[in-house]
2 protein chains.
Amino acid sequence: MVYFMTSSKDEACGTVCHGNVACQDCSLHQLCLPVGLDSADLALLDRIIRRRRPLRRGEYLFRAGDPMRAVYAVRSGSVKTFTCSSDGDEHVTGFHLPGELIGLDAIGAAVHPRSARALETSSVCEVAYEGLEELSMKIRGLQRQLLRLMSREIHHDETMMILLGGMAAEGRLAALLSNIAARVGERGFSPRAFHLSMSRNDIGSYLGLAVETVSRLFTRLQAEGLLSVQRKQVMIHDPDRLRRLAGVCGDGAYQSR
Amino acid sequence: MVYFMTSSKDEACGTVCHGNVACQDCSLHQLCLPVGLDSADLALLDRIIRRRRPLRRGEYLFRAGDPMRAVYAVRSGSVKTFTCSSDGDEHVTGFHLPGELIGLDAIGAAVHPRSARALETSSVCEVAYEGLEELSMKIRGLQRQLLRLMSREIHHDETMMILLGGMAAEGRLAALLSNIAARVGERGFSPRAFHLSMSRNDIGSYLGLAVETVSRLFTRLQAEGLLSVQRKQVMIHDPDRLRRLAGVCGDGAYQSR
DNA sequence: CGCGGACATTGACACAGATCAATAAAGTGC
DNA sequence: GCACTTTATTGATCTGTGTCAATGTCCGCG
């Protein structure tokens with residue numbers, strides 16, 4: 001039996017209550033859109049942002065096909081994006097942690113190509129897209145950060161393509177866990193022990209594996225002493241070996257700035 | 001024995017000689033960065049673009065790890081982007097046709113994360129990135145088009161993730177062929193008969209399949225009467241059925257504007 | 001023109017991971 | 001606290017593709 005010493009549910013990454021703070025006071029401002037902006041700029045940015053009531057687990061942020069009027073920044077909790085194929089079952093395209101932007105794939109067609117729903121109670125900032133476009137013309141740092149975030153998303157998605165096209169099941173899970181660990185770490189929580197807000201089903205869908213395979217892999221990685229897992233609580237014992245298993249996809253697009 | 005009536009090698013998509021024309025006179029200006037710009041804007045854009053001598057087949061445009069100073073627009077020919085894993089073999093991340101931008105994944109880290117080399121004799125416009133950033137602050141239409149192109153790339157990469165994570169071999173190839181057909185069509189060539197500039201190896205690497213599987217699939221699709229293929233010449237007989245095989249990944253991110 | 005190397009095709013076989021099925025454990029509501 | 005649903009785990013079997021091997025075809029070069 002394994003006990004976890006860190007992050008009870010209430011202090012897990014992203015579930016801290018941020019209240020209705022402005023960007024200026026948001027603890028995520030060094031990860032999110034505000035990077036590189038001064039207070040005057042932040043005040044302008046705040047004007048195009050609406051903080052909505054928190055989403056409950058399972059609630060939709062938007063649905064595939066909705067007209068795109070805003071992009072969204074996760075403020076707390078976590079959100080998944082996914083498509084539904086004609087025969088009903090869904091395919092997960094991303095997991096989004098606090099400070100990350102959602103909806104950047106919708107700018108091209110002005111329509112959201114995927115749906116987004118909360119994996120747990122989550123709050124989200126709605127950034128009016130017209131305003132964002134407008135403001136990026138005025139604030140160089142904002143334009144730069146927006147382009148940077150989009151570029152990193154492209155890089156991350158390419159890495160996923162390499163992962164899905166080139167790696168066996170074990171490497172895929174190792175890469176996902178390494179990546180989540182790194183992102184959790186960036187947000188000031190322990191990258192060694194964290195809570196997985198998504199189900200095994202979601203993980204399988206995201207990694208192109210059957211649920212059963214995901215489950216077996218967790219068991220195997222635990223047996224090999226790489227990590228301990230108890231339902232959704234994960235503790236990484238050997239991050240290096242995990243990263244090695246993940247090969248070129250080990251770091252993810254989120255580690256560098 | 002099957003004969004192809006269209007597109008001899010010299011008129012194939014992208015191999016037309018464009019000379020050293022300015023954006024204003026470039027036949028690709030309704031696909032590339034210039035979308036929505038007037039002549040005055042185009043003159044400014046031209047100032048940050050350098051047309052380089054054509055690349056020969058196999059020549060590198062840049063290598064993974066190179067500092068990012070520019071993004072590139074394919075003007076003629078075609079280019080692949082790829083990573084090399086530690087053990088030497090490469091994984092293809094994209095095929096790029098005339099009018100498409102390369103290097104957008106490098107903005108975030110200011111370093112190219114992948115290598116790019118020409119699949120055939122190709123010419124490329126080099127767009128100085130600093131200049132582009134600068135100019136997008138001044139020209140609203142340019143900023144808008146840059147964001148649109150990046151967003152579409154994200155959407156396309158997500159579609160590839162769904163493809164690689166969710167579809168069997170046949171669906172993957174069908175999706176790639178549908179996608180290439182659509183892009184070739186957008187460029188004014190027949191979407192029914194075109195030349196594949198990449199090798200079976202490249203296709204396999206891109207789709208996460210063994211070369212042998214790709215080969216067998218071509219044979220099978222031909223036997224089923226969906227298409228005819230002779231080495232690199234492809235003729236699509238039943239585009240609808242091909243798209244149906246490709247499922248949700250049938251259209252690709254390139255068809256709509 | 002013919003030789004050599006790269007690329008493509010085809011066949012035989014093996015295996016990673018999907019699928020089917022059953023059980024267990026954890027939430028959730030009354 | 002107890003049924004009920006959902007989610008996770010484990011086992012047994014089946015199959016699509018990868019791998020290995022051999023052959024065929026094209027293309028560039030001397």
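The values are calculated or read from the model by the stated rules, or taken from the named source; none is laboratory data. None of the values given here were measured: they were computed from a predicted structure. As a convention, Cβ positions derive from the backbone with ideal geometry for all residues, glycine included, and neighbour counts pool all protein chains shown.
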Among (1) at pLDDT 95 or above; (2) more than 9 Å from DNA strand C (Cβ to nearest atom) - the single one residue B:204 does not satisfy: (2)
Helices (runs of 4 or more DSSP H) wholly inside segment A:110-212 that include at least 2 residues being closer than 18 Å to residue A:239 by Cα and either within 16 Å of DNA strand D (Cβ to nearest atom) or touching a His at 6+ places or on another chain (Cβ under 7 Å) (or both): A:169-186
Single unsatisfied condition, residue A:116 versus (1) closer than 21 Å to residue A:50 by Cα; (2) over 14 Å from the mean Cα position of the chain (by Cα): (2)
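Each row is one residue, and each column tells you yes or no for (1) of a type in the set (S, T, N, Q); (2) modelled with pLDDT under 95.
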position	(1), (2)
A:145	yes, no
A:151	yes, no
A:154	no, no
A:161	no, no
A:165	no, no
A:171	no, no
A:177	no, no
A:190	yes, yes
Tally of residues being within 14 Å of residue A:79 (Cα to Cα) and touching a Phe, Trp or Tyr at 6+ places or on another chain (Cβ under 7 Å) across segment A:110-125: 6
Extreme residue, farthest from the other protein chains (Cβ to nearest Cβ), among residues of segment A:125-143 that are buried (at least 18 other Cβ atoms within 10 Å of the Cβ) and either more than 13 Å from residue A:71 (Cβ to Cβ) or at pLDDT below 95 (or both): A:139
Qualifying positions in segment A:28-73 - part of a loop (DSSP other than H, G, I, E, B), closer than 19 Å to residue A:136 by Cβ and among the small types (Gly, Ala, Ser): A:36
Scan of segment A:17-37 for residues that are more than 16 Å from the chain's Cα centre (by Cα) and free of Cβ contacts under 8 Å to residues at least 12 places away in the same chain, ordered by number: A:19, A:21, A:25
Residue count, segment A:198-214 (criterion: surrounded by fewer than 15 Cβ atoms within 10 Å (Cβ to Cβ) and in contact with a helix residue (DSSP H, G or I) (Cβ under 7 Å, 6 or more places away or on another chain)): 3
Count - residues of segment A:46-91 that are out of contact with any Asp or Glu (no Cβ under 9 Å at 6 or more places or on another chain) and of a type in the set (Val, Ile, Thr): 0
Test for residue B:168: is it touching a Cys at 6+ places or on another chain (Cβ under 7 Å), within 14 Å of another protein chain (Cβ to nearest Cβ) and closer than 25 Å to residue A:86 by Cβ: no
Residue satisfying all of: in segment A:211-231; of a type in the set (A, V, I, L, M) and either closer than 17 Å to residue A:243 by Cβ or more than 22 Å from the chain's Cα centre (by Cα) (or both); farthest from DNA strand C (Cβ to nearest atom) among these: A:227
Segment B:58-87, residues that are within 16 Å of residue B:204 (Cα to Cα) and within 12 Å of chain A (Cβ to nearest Cβ): B:81, B:82, B:83, B:84, B:85
Search result, residues across segment A:109-142 that are in contact with a strand residue (DSSP E or B) (Cβ under 7 Å, 6 or more places away or on another chain) and among the basic types (Lys, Arg): A:114, A:117
